[in-house]
């Protein structure tokens, strides 16, 4: 019995030992599992922290690159000093201005980035965008930079060190045959050839009643269509061709209805047609506003304003004809205003024709059938104005009509009245005696170039820059052409179109202005609406041009709808009949030295190198 008891006790002891051993093993396993889990969690935390540090550093790079781009968009060049790469962004080594050290916090986290920018030596490079690239053949100024960014964790630890080398390219808008920041429609009736690149930040519609040829690269930030926007038609009798770039290829031929041109369809054009490209950032028509925040008002050599009373009559408080010379802060330049009022020219100052013989004046005798209204005009005799200006202080101390600070002269001309900000102001500026951009007398030196800017509608009367061509641009709310046959006193502007017969006229100038929108809606929402006239009617006509030719060399740019000229496009009486269009992109603009003063531009970035340094301290 004792043996049996001993055996039982022995078995209990073995069982107890087994249980204790099992518990010990389990404890060891739990300890190992806990250690592994802790290591994995630490690894995960470290990985997450590393990723957040990387994202923070990458966000810092993007912010600095975008800031450089915005400086160029504002017509400024980045400047300053970079910190030394040895212990950067510490006391005494932080750089300055656009290249200074900055700290950015990743939204929703405690991770930050510490960034700075370096400029490469030799900026800028003047280059032609290489063949095969988007915007190939265009001349650009290329500025090269490096952005350095350090991702820093919540405890101050360095989690990522990144470097981005990028190029900022500045491309003049006047290097396009047509550049639109909205839908672009090219739908000519007679045969038409567009020489030069075409781009729109909206949709592109191409169609022809005869033959339309485009021999430059065609790009659109949205869809490209063969056919019309205002209806779904596509004329099978018309031909649309684009170079590939060696020979013309027909686009969607034949066609029976509006057809989208897809990326697959254009592959045979070797990159010369591209839909759905990134939107290019360009200025808005606000750059034409007459205030100190506008680049053109601020940098203008001369600012002229026709001052009107609250009753919309000429205000003669400061000038007998209401024309005031303004300072950059929009105050009246009294001495300049007095001098200008005495200048001799050829303009009548009123609708009655009284007080003729001045170089500037006002009129209220032109009836615009498109706007269904008389237009209050500031009148400028260009050649006589240059005669007056060469002997004045309009341009500031040490300047003359030969000034080339911005590539030539910049004139800002406006009407300051109670309707200036309305969507249909019925105001404008008219430039005459401008066959040559030079003084009437021939004295005073050579004008290098001229840009005329207005926030109101612009009208050219007769030839513009047709003789001894200079780099020139007209930038305005809308652009109107009156031929060499237009009567100076506007006496027939209200009569039947048969009484307003045009004559051959030549204009050599880049044009930037607003254009109407088909259906009053950009994109497919405007399909089926009233036609806006298309690129072929970018200039607004007011005469019977049948059988007469408008010869044009330049570049058409449209940034938006007009802000102050709301009249819709209508063909025929009483508005106009179309001219023969001998229109060309001015290839002289391919040389930066031949661009008009203060030519607007778009800016785009190209990444050159992205580098991560894994040896962090």
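Note on segment 433-475: residues that are in contact with a helix residue (DSSP H, G or I) (Cβ under 7 Å, 6 or more places away or on another chain) and closer than 27 Å to residue 501 by Cβ total 3.
Please state which one of 529, 523, 462, 534 is outside the structural domain of residue 588 (by TED's automatic domain parsing), over 25 Å from the mean Cα position of the chain (by Cα) and either over 19 Å from residue 363 (Cβ atoms) or crowded, with 20+ Cβ neighbours inside 10 Å (or both). When all the criteria are applied, what remains is 529.
Could you look through segment 505-520, keep only residues that are in contact with a strand residue (DSSP E or B) (Cβ under 7 Å, 6 or more places away or on another chain) and part of a loop (DSSP other than H, G, I, E, B), and pick out the one that is surrounded by the fewest Cβ atoms within 10 Å (Cβ to Cβ)? Among those residues, the one meeting the criterion is 514. Please enumerate the residues belonging to segment 598-615 that are touching a helix residue (DSSP H, G or I) at 6+ places or on another chain (Cβ under 9 Å) and either in a loop (DSSP other than H, G, I, E, B) or at pLDDT 95 or above (or both). The answer is 598, 599, 600. If you go through segment 539-580 and pick out every residue that is under 22 Å from residue 435 (Cβ atoms) and either crowded, with 20+ Cβ neighbours inside 10 Å or without any contact (Cβ under 8 Å) to a residue 40 or more places away in the chain (or both), you end up with 13.
Restricting segment 260-270 to residues that are more than 13 Å from residue 247 (Cα to Cα) and not in a helix (DSSP H, G or I), the residue that is modelled with the lowest pLDDT is 263.
Residues of segment 375-424 that are at pLDDT 85 or above and surrounded by fewer than 16 Cβ atoms within 10 Å (Cβ to Cβ): 402, 404, 418, 421, 422, 423, 424.
Mind checking which residues of segment 570-580 are within 23 Å of residue 423 (Cα to Cα) and either outside any loop (DSSP other than H, G, I, E, B) or at pLDDT 95 or above (or both)?
Within segment 570-580, 576 is the sole residue that qualifies.
Does residue 65 satisfy the criteria of being assigned to a helix (DSSP H, G or I) and either farther than 30 Å from residue 297 by Cα or modelled with pLDDT under 80 (or both)? No, not satisfied. The set of residues in segment 589-606 that are crowded, with 22+ Cβ neighbours inside 10 Å and within 13 Å of residue 470 (Cα to Cα) comprises 589, 595, 596, 597. Going by the structure shown, is residue 437 more than 23 Å from residue 287 (Cα to Cα), modelled with pLDDT under 95 and either buried (at least 23 other Cβ atoms within 10 Å of the Cβ) or not assigned by TED's automatic domain parsing to the domain that holds residue 482 (or both)? No: the conditions fail for residue 437.
Taking the criterion of being in contact with a strand residue (DSSP E or B) (Cβ under 8 Å, 6 or more places away or on another chain) and touching a residue at least 40 places away in the same chain (Cβ under 8 Å), the residues of segment 146-162 that qualify are 147, 148, 149, 150, 151, 152, 153, 158, 159, 160, 161, 162.
Contact map, segment 382-400: residues that are within 18 Å of residue 466 (Cα to Cα) paired with residues that are at pLDDT below 85, Cβ distance under 6 Å, separation 6+ or inter-chain. Pairs shown: 383/440; 384/345; 384/440.
Among the candidates 213, 222, the residue that is surrounded by fewer than 24 Cβ atoms within 10 Å (Cβ to Cβ), touching a strand residue (DSSP E or B) at 6+ places or on another chain (Cβ under 9 Å) and more than 15 Å from residue 527 (Cβ to Cβ) is uniquely 213. Let me confirm something: among 593, 565, which residue is part of a loop (DSSP other than H, G, I, E, B) and either closer than 16 Å to residue 173 by Cα or not assigned by TED's automatic domain parsing to the domain that holds residue 67 (or both)? Selected residue: 565, the only one of 593, 565 that is part of a loop (DSSP other than H, G, I, E, B) and either closer than 16 Å to residue 173 by Cα or not assigned by TED's automatic domain parsing to the domain that holds residue 67 (or both).
Going through (1) modelled with pLDDT under 95; (2) touching a strand residue (DSSP E or B) at 6+ places or on another chain (Cβ under 6 Å); (3) closer than 18 Å to residue 129 by Cβ one by one, residue 199 falls short only on (1). Filtered by the rule that a residue be free of Cβ contacts under 8 Å to residues at least 60 places away in the same chain, in a loop (DSSP other than H, G, I, E, B) and more than 23 Å from residue 515 (Cβ to Cβ), segment 271-303 gives 272, 291, 292, 293. Of the set (1) under 30 Å from residue 406 (Cβ atoms); (2) surrounded by fewer than 20 Cβ atoms within 10 Å (Cβ to Cβ); (3) at pLDDT 90 or above, all apply to residue 143 but (2).
Would you confirm, using the coordinates I've provided, whether residue 478 is in contact (Cβ under 8 Å) with a residue 60 or more places away in the chain and buried (at least 23 other Cβ atoms within 10 Å of the Cβ)?
Yes; evaluated as a whole, the condition is true for this residue.
When segment 79-94 is examined, which residues are found to be touching a residue at least 24 places away in the same chain (Cβ under 8 Å) and crowded, with 16+ Cβ neighbours inside 10 Å? Residues satisfying the conditions are 82, 83, 88, 89. Of the residues making up segment 214-259, those that are under 26 Å from residue 181 (Cα atoms) and part of a loop (DSSP other than H, G, I, E, B) number 18. If only residues of segment 95-121 that are in contact with a strand residue (DSSP E or B) (Cβ under 8 Å, 6 or more places away or on another chain) and part of a loop (DSSP other than H, G, I, E, B) are counted, the one that is surrounded by the fewest Cβ atoms within 10 Å (Cβ to Cβ) is 120. Of all the numbered requirements in (1) assigned by TED's automatic domain parsing to the domain that holds residue 471; (2) within 16 Å of residue 479 (Cβ to Cβ); (3) assigned to a loop (DSSP other than H, G, I, E, B), residue 583 misses one, and that requirement is (3).
Put simply, of 267, 257 the only residue that is outside the structural domain of residue 559 (by TED's automatic domain parsing), surrounded by fewer than 18 Cβ atoms within 10 Å (Cβ to Cβ) and in contact with a strand residue (DSSP E or B) (Cβ under 7 Å, 6 or more places away or on another chain) is 257. In the condition set (1) under 23 Å from residue 221 (Cβ atoms); (2) outside the structural domain of residue 191 (by TED's automatic domain parsing); (3) touching a helix residue (DSSP H, G or I) at 6+ places or on another chain (Cβ under 8 Å), residue 280 is compliant with all but (3).
The values are calculated or read from the model by the stated rules, or taken from the named source; none is laboratory data. Everything numeric in this text was worked out from a predicted model, so none of it was measured. Reconstructed Cβ throughout: ideal geometry from the backbone, glycine too, with neighbour counts over all protein chains shown.
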